[in-house]
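Shown next, in structure tokens, is the structure this report addresses.
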Amino acid sequence: MNPITRITLAYASVSLIGSGLLHADIKSPEIKLTSEEFHTRLQRDDTPLPAGGQLQMSYAGVVDKILPSVVTIFAYGEKAGTSMQGHGGMPDLDQVPPMFREYFEEWFRQQQEEGGGETPQRPNPRGRRGQQREVPDQDKKLEPNGIGSGFIVSADGYILTNNHVVGEADKIEVVVTINGSTKRHDAKVIGADPQTDVALIKISASGLPAATLADSSKIRVGDIVLALGAPMELSRSVTQGIVSALGRSGMGIIGRRDMQGYEDFIQTDASINPGNSGGPLVDAMGRVIGINTAIYSRSGMNAGIGFSIPINLALRIAEDLTDDGEVTRGFLGILPADIDSEIAKIYNLNDESGALVRKVTKNSPAAKAGLQVGDVILSVSGQKVENASKLPVIVSSYKPGSEISLEVLRDGKPFNVTAKLAKLTPEIIAGSEAVEEEKTPSGPDKGSASVGEILPGVTIQNLTPGTRERYEVPEDISGVIITQIDPNSRAAAMGVEEGDVITQVNRKSVRAVGEARQMAKDSGKTVLLKAWRKGETMLFMVGSN
């Protein structure tokens, strides 16, 4: 059996218990700056790196420049002093994503065994519905959640780090070392954004050594980089490598189940380990180009594949956090999909770049601009859309009310449209993620002979007065209706549901079960279904075998 590959946030966790809320002692809404005021406090150097030249034999000068700006962050959380007794110190891991629990359980067992204790059993301090059990205040104490990193971006104490380093903390301490002198500071959270995993914190100090920030859009694959931070709790550590790739996205590293994450990572082979989270990734001139965030590994430790948030993206978030601690994003109102070789063939596209529009939200900016299901978006205001994950990253960088120009391909013909973005609200996010109440499959209409399986696990039937009434399909909708679907099928995994009306197969209209099945049979590895669902139109790309 091959070992499990894990994507692990590069945060040296000591305990994973947290309140989930930022308490008053570290949340500081009274510190407010406009984005322009915040920007004036930053040190920027956007000149490109020199190409070519001789191999540099030492980066000591570069390290001397950036290292005083790098800080170690200790996050503390409340937990019951008695709730852990008898369990060997194993923390509650229910709040950790399932794919990470195995790693953390193994790590804690190793720590316990090294300390001579018994192998702990996992406690379950939760009620029946998952609420944390109430613990008397006198039994609560602050203990370390973990150790992360950060870097100073202004002389008056603003620090950039990851949301996952400070987002669950009740108390934050920052260790600053300058000229061999180390000092601890209490920190306040100015704001944090789970969707990009960026957080801005502040300490009360002046005359601090601020890092110089570069333009991350100018970095190239192959550029030399250094990663700094506190890996494995070893503060002020430096590793060296190169930029391995740019624009890594769609990996599910950040975000929550109820909230989409925006991923546009720099990939590097500079060693990144637990504790490096929030530390800077710098170029060969010591300028920050990213925030170290995650590891791609089979062991949970460095395997030569690490990910950093580009500093340009982090600064856009930080500037938005300075005034009210929140981020406002533009909302277009489409559901994009990647274009693979099969879809490119169906749409007669020259390559696989762009984003295919699977769904257009009613009354959204996209709908008002005239976008349709099946359109291919090639660029946004001059920025190339390389894949579906890139589109929301680009759109979210614009403020609500901004007008963006979209280069679109429809039926092989290019054209441009302008959309005025709305504000992405929690209600919109909740609506896009809402799960409808599960229906009991009613199965096909046995009275009709026009019934068949278009894909494995997907039964379709001709639209009849009976099926129209049962599924509330208007008379002006034509196609074949899905009357039964296997919940374990590939189609179900892609979001296809009972009651969907298939109007097109591989961009060709269908009106009967026989022709729909033949069209699907004649497809390659992917079948493209255009479907009507309760007044909305969407696309599904489903493997045929």
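The values are calculated or read from the model by the stated rules, or taken from the named source; none is laboratory data. Owing to the predicted nature of the structure, the values given are computational and were not obtained by experimental measurement. Because the Cβ atoms are built from the backbone with ideal geometry, glycine has one as well, and the counts that use them run over all protein chains shown. These area figures cover heavy atoms from the full protein model, side chains too; ligands, DNA and RNA do not enter into them. Shrake-Rupley method; radii C 1.70, N 1.55, O 1.52, S 1.80 Å.
Observations on the model:
- Residue list for segment 275-298, filter: open to solvent by 10 Å² or more (accessible area, probe 1.4 Å) and in a loop (DSSP other than H, G, I, E, B): Ala284, Met285, Arg298
- Candidates are the residues of segment 427-474 that are modelled with pLDDT under 55 and among the basic types (Lys, Arg); the one that is farthest from Asp193 (Cα to Cα) is Lys446.
- Candidate set from segment 30-67 (those that are open to solvent by less than 80 Å² (accessible area, probe 1.4 Å), under 26 Å from Ile317 (Cα atoms) and part of a loop (DSSP other than H, G, I, E, B)); member that is modelled with the lowest pLDDT: Ile31
- Helices (runs of 4 or more DSSP H) contained in segment 321-426 and holding at least 2 residues within 25 Å of Asp197 (Cβ to Cβ) and of a type outside the set (Ser, Thr, Tyr): 390-396
- Scanning segment 500-519 for residues that are assigned to a loop (DSSP other than H, G, I, E, B), in contact with a Ser or Thr (Cβ under 9 Å, 6 or more places away or on another chain) and open to solvent by 10 Å² or more (accessible area, probe 1.4 Å) yields a count of 3.
- Residue check, Leu406 hydrophobic (A, V, I, L, M, F, W, C) and at pLDDT below 85: no
- Options Lys188, Lys202, Lys171; residue that is of a type in the set (D, E, K, R), within 27 Å of Asp64 (Cβ to Cβ) and surrounded by 17 or more Cβ atoms within 10 Å (Cβ to Cβ): Lys202
- Residue that is closer than 22 Å to Leu281 by Cβ, hydrophobic (A, V, I, L, M, F, W, C), modelled with pLDDT of 75 or more and touching a His at 6+ places or on another chain (Cβ under 6 Å), where the choices are Val166, Val153, Val174: Val174
- Within the option set Leu228, Leu208, Leu213, being more than 18 Å from Gly290 (Cβ to Cβ) and of a type outside the set (Lys, Arg) holds for one residue only, Leu208.
- Number of residues in segment 322-332 that are crowded, with 19+ Cβ neighbours inside 10 Å, in contact with a strand residue (DSSP E or B) (Cβ under 7 Å, 6 or more places away or on another chain) and more than 13 Å from His39 (Cβ to Cβ) equals 4.
- Taking the conditions (1) in a strand (DSSP E or B); (2) β-branched (Val, Ile, Thr); (3) under 16 Å from Ile311 (Cα atoms) in turn, Val238 satisfies each one other than (3).
- Within the set Lys359, Lys384, the sole residue that is over 23 Å from Gln504 (Cβ atoms) and under 23 Å from the mean Cα position of the chain (by Cα) turns out to be Lys384.
- For segment 509-545, the set of residues classified as closer than 18 Å to Asp486 by Cα and of a type in the set (Phe, Trp, Tyr) consists of Phe540 only.
- Among the residues of segment 162-176, those that are in contact with a Leu (Cβ under 8 Å, 6 or more places away or on another chain) and part of a strand (DSSP E or B) comprise Asn162, Lys171, Val176.
- Filtering segment 174-185 to residues that are over 29 Å from the mean Cα position of the chain (by Cα) and open to solvent by 10 Å² or more (accessible area, probe 1.4 Å) leaves Thr177, Ile178, Asn179, Gly180, Ser181, Thr182, Lys183, Arg184, His185.
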